[in-house]
Amino acid sequence: QVQLVESGGGLVQPGGSLRLSCAASGSIFSIYAMGWYRQAPGKERELVATARSGSSTNYADTVKGRFTISRDNAKNTVYLQMNSLKPEDTAVYYCNFQGLSVAYWGQGTQVTVSS
C-alpha cells in the first residue's frame with residue numbers, strides 16, 4: 001500500500017515562506033513526475049508545479065519566481081519551497097506522484113497566508 005505523507009503547512013504572514021514536503025511509503029515504481037496541486041475554497045484543484053524525471057520542471061504562472069519544486073528520488077520525496085507568499089496562495093496543497101498507469105495523492109496540507 002502506497003501512502004504519500006505531506007508536512008510543512010501552516011499559517012504564515014504575507015511575504016513569508018514555507019517549505020512543504022511529501023514522502024512516499026511503500027513500493028513505488030515507474031514514477032515519471034512528482035508535483036504539487038492546490039485547492040482553495042470554492043475553486044477547482046489546480047496545478048502548482050511539477051518535476052519530471054531528469055531536471056524538467058513546470059510552474060503555474062501565478063507562482064513562477066516565488067515557488068521552487070525539487071525532488072529526491074532516493075528518498076521518494078518531493079518538496080515545494082514557497083517564498084513571498086500572498087493571501088491568494090491560501091489553499092489546501094496536495095502532492096501527486098504520477099506513474100504511467102497510476103496516480104498517488106497525498107491527504108493535503110493547509111497553507112494559510114494571512115496577517
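Below are the figures for this structure:
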read-out: Percent carbon-and-sulfur accessible area, the chain, ignoring ligands, DNA and RNA, probe 1.4 Å; value: 47 percent
read-out: Chymotrypsin sites (Phe, Trp or Tyr not before Pro) lying in DSSP loop within the stretch 1-93, provided at most 12 other Cβ fall within 10 Å; value: Phe29
read-out: Per residue accessible area of the chain, 1.4 Å probe, in Å²; value: 54 Å²
read-out: Considering only the chain, percent of DSSP beta bridges that pair antiparallel, nearest 5; value: 95 percent
read-out: Placed amide H near Phe67: partners under 5 Å, 5+ positions off or other chain; value: Asn83
read-out: Residue-level accessible surface for Leu100, protein heavy atoms, 1.4 Å, Å²; value: 150 Å²
read-out: Once exposed loop trypsin sites (Lys or Arg not before Pro) are cut out (DSSP; at most 14 other Cβ, 10 Å), longest piece of the chain; value: 65-115
read-out: 23 Å tail of the calculated P(r), the chain, as % of Cα pairs; value: 23 percent
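The values are calculated or read from the model by the stated rules, or taken from the named source; none is laboratory data. Since this is a predicted model, take the numbers as computed values, not measurements. Neighbour counts are summed over all protein chains in view; Cβ atoms, including those assigned to glycine, are modelled from backbone coordinates with ideal geometry. In case anyone asks, the SASA skips ligands and DNA or RNA and just uses the protein heavy atoms, side chains included. Shrake-Rupley method; radii C 1.70, N 1.55, O 1.52, S 1.80 Å.
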